[in-house]
Amino acid sequence: MTSAKANAVLVEALGSSLRRGGNALQDVPGLLKRILEEEAWKEFVTPRGELVMYAEVEDFVRTSPSRGLGADPDMVRRLIQRDPVTLDLFDRAMQRRPGRPETLSNRQDSAPAGTTRTAALRRLRKDRPDLHGEVLAGHLSAHAAMVKAGFRRRTVSVPVDKPEAAAKALRRNLSKTDLAELARLLQSRR
């Protein structure tokens, strides 16, 4: 019961930060990281002295206070978006395990898609753990790692209001061979 009481301190601090909002939200990534690493969400005591136990972190997140966080997982993701380690821990914890029945709540929490940081971290974790580690260590952005892995194309923004500005941007980012090919393509009538 002692660890359940220690876990309760962390769970209450996180729940309080979420409810207070404002500047308290800056504490969310660090508190959530500790709760996930220490698995404090699995067993804790409520302020009323009730022992609460969970098998799935999603149930802990969605259950109303003080037996849970009473939060939407997407909102939690937005709050931890700038902390790749916590975001990755949360994504791992929220993934539907094989054999876990699909419910309305976990159907809504489907795999991240598109170009989100969460989607990139999940793909890198699965297919390029070396680059995933680089992102978590802060050596690469999730996007840069996806480009390096060949999962995304490298793109650049080109201003279109002035041809000389477009040319400068392209010269900065394309090889001489690619610039010559671009010039040829621009001159062709097709």
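Determine the calculated [θ] at 222 nm for the chain from helices alone, applying -39500 (n - 2.57) to every DSSP H run no shorter than 4 residues and normalising by the residue count; nearest 500 deg cm²/dmol.
Value at 222 nm, helices only, nearest 500: -17000 deg cm²/dmol.
Step through the residues of segment 58-72 one at a time and calculate ³J(HN,Hα) from phi using the Karplus curve (6.51 cos²θ - 1.76 cosθ + 1.60, θ = phi - 60°), rounding each to whole Hz and writing x for Gly and Pro.
Values per residue, Gly and Pro as x: 4, 5, 4, 5, 7, 5, 5, x, 9, 8, x, 8, x, 10, 7 Hz.
Given Tyr54, Leu186, Asn7, which one lies farthest toward the positive end of the charge dipole of the chain, if we put +1 on the Cβ of every Lys and Arg and -1 on the Cβ of every Asp and Glu?
Leu186
If I take R0 = 25 Å and measure r between the Cβ atoms of Thr177 and His139 in this structure, what FRET efficiency does the formula 1/(1 + (r/R0)^6) give, to the nearest 0.05?
FRET efficiency, Thr177 to His139: 0.25.
Rounding to the nearest 10 and keeping the result within 0 to 90°, find how far the Cα-based axis of helix 176-187 lies from the longest principal axis of the chain.
With both axes taken from Cα atoms, the answer is about 70 degrees.
Under a 1.4 Å probe, what is the accessible area of segment 1-74 per residue, stated in Å²?
52
Considering the values (1) 134; (2) 187; (3) 119, which represents volume of the Cα convex hull per residue in Å³ as calculated for the structure under consideration?
So the calculated entry is the one marked (2).
Keeping the other protein chains in place, figure out the carbon and sulfur percent of the accessible area of the chain, with a 1.4 Å probe.
So the carbon and sulfur contribution to the accessible surface is 51 percent.
How many nm is it between the label spots at Leu186 and Leu170, if each spot is 7 Å from the Cα in line with the beta carbon?
If labels sit at Leu186 and Leu170, their model points lie 0.3 nm apart.
Give the peptides 4-13, 171-180 in descending order of average Cβ contacts within 10 Å, highest first.
4-13, 171-180
What is the sum of charges, Lys and Arg at +1 and Asp and Glu at -1, for the other residues whose Cβ falls under 11 Å from the Cβ of Leu51?
Taking every other residue near Leu51 into account, the sum is +1.
Glu43's amide H: which non-local residues (gap 5+, or another chain) put their own amide H closer than 5 Å, with H modeled 1.01 Å from N in plane and none for Pro or chain starts?
It is Tyr54, by chain and number.
Count the lysine pairs in the chain that are 8 or more places apart or on different chains: how many have C-alpha atoms under 26 angstrom apart?
So the count of such lysine pairs works out to 10.
The values are calculated or read from the model by the stated rules, or taken from the named source; none is laboratory data. Remember, it's a predicted structure, so these values are computed and weren't measured experimentally. Reconstructed Cβ throughout: ideal geometry from the backbone, glycine too, with neighbour counts over all protein chains shown. For the accessible areas, the whole protein counts, side chains as well, though only heavy atoms, and no ligand, DNA or RNA atoms are used. Shrake-Rupley method; radii C 1.70, N 1.55, O 1.52, S 1.80 Å.
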